[in-house]
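Beneath this line is the structure, given in structure tokens, with notes to follow.
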Amino acid sequence: MPNKVLITGATGMIGGLVLDLCLETSEIKEVISLVRRPSGISHPKLHEIVVKDFLDLASHLENLKNVDLVFYCLGAYTGSGTSEELRRITVDMPAHLAETLILVNAHPTFCLLSGAGADRTEKSRMAFARDKGAIENILSNSDLAAFYSLRPSYIYPVTPRTEPNFSYRLTRSLYPLIRLLGNKHSIPSTDLAAAMVKVGLHGHDTEILENKDILACLN
């Protein structure tokens, strides 16, 4: 049973749902949340840390000791920054977190919110696919207790939100049709978060979970 869980991206859609589940379950005793801005959430189990630079965690080493489980949900939408900025968020930040945890002798289970199409050959023409594949390779080869990468396809926001761009607004409107395509193509946000927590707590027989695998592990 993990005594100490670390979450990144808890102010985002999936990270927020993962945080709620971690705070609710008796299987988790302490939650460290690394955020870029305060969430306003207060809970006896929660220790929220505002981090100015996720590539400089030196001042937070004491809080990173004895972490048993990581849910890495921090990310950025394609098109929301330059390719260099997106790679920094997608690859450099989670890699640095894993390195730092190992530095303080924490060897946690690491659950990464990746994405469909991640390319572990790192040869895709799409930067998103290359970057997701790159961080999967780095974490898979790190000295972690276990590594799991969840690769959802379209994530349907169960709680309505302001969509970041036209493409997301269009996809949300088409969700009833996308659902008809089967379990390879979409997943509700609440199911993704529940599966992520379940895999983190109890493990899985494969390192990579595609969309259909994520849904299946809830059955």
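Distance from the Cα centre of the range 127-146 to that of the range 91-114, in angstrom?
So the two Cα centres are separated by 10 Å.
With a 1.4 Å probe and all protein chains left in place, how much accessible area per residue does the range 1-82 have, in Å²?
In whole numbers, the range 1-82 has 48 Å² accessible per residue.
Tell me what the chain gives for mean residue ellipticity at 222 nm when only DSSP H runs of n ≥ 4 count, each as -39,500 (n - 2.57), the sum divided by the residue total, rounded to 500 deg cm²/dmol.
-10000 deg cm²/dmol
Would you work out the relative contact order for the range 1-143, in percent, from Cα pairs under 8 angstrom that are 6 or more residues apart?
About 22 percent, as a whole number.
Could you point to the label whose value was computed as volume of the Cα convex hull per residue in Å³ for the structure here, given (1) 127; (2) 161; (3) 245?
Matching entry in (1) 127; (2) 161; (3) 245: (1).
Given the chain, what count of lysine pairs have C-alpha atoms under 16 Å apart, with each pair 8 or more places apart or on different chains?
10
Putting +1 on Lys and Arg Cβ atoms and -1 on Asp and Glu Cβ atoms, find which of HIS202, SER189, ILE7 reaches farthest to the positive end of the dipole of the chain.
SER189
Which of rounded, prolate or oblate describes the range 38-162 when judged by the alpha-carbon gyration tensor and an a/c cut-off of 1.5?
Working: a/c = 1.66, a/b = 1.23, b/c = 1.34.
Here the range 38-162 falls in the oblate category.
Can you pull out the trypsin sites (Lys or Arg not before Pro) in the range 1-70 whose DSSP state is coil and whose Cβ has at most 10 other Cβ atoms within 10 Å?
Loop-located and lightly packed - LYS52.
Roll a 1.4 angstrom probe over the protein heavy atoms and tell me the percent of accessible area of the chain that is carbon or sulfur.
In the chain, the share of accessible area belonging to carbon and sulfur is 52 percent.
The values are calculated or read from the model by the stated rules, or taken from the named source; none is laboratory data. For clarity, every value in this text was computed on a predicted model and none was experimentally measured. Please note: Cβ atoms are built from the backbone with ideal geometry, for glycine as well, and neighbour counts cover all protein chains shown. The area values use the complete protein model at the heavy-atom level, side chains included, leaving out ligands, DNA and RNA. Shrake-Rupley method; radii C 1.70, N 1.55, O 1.52, S 1.80 Å.
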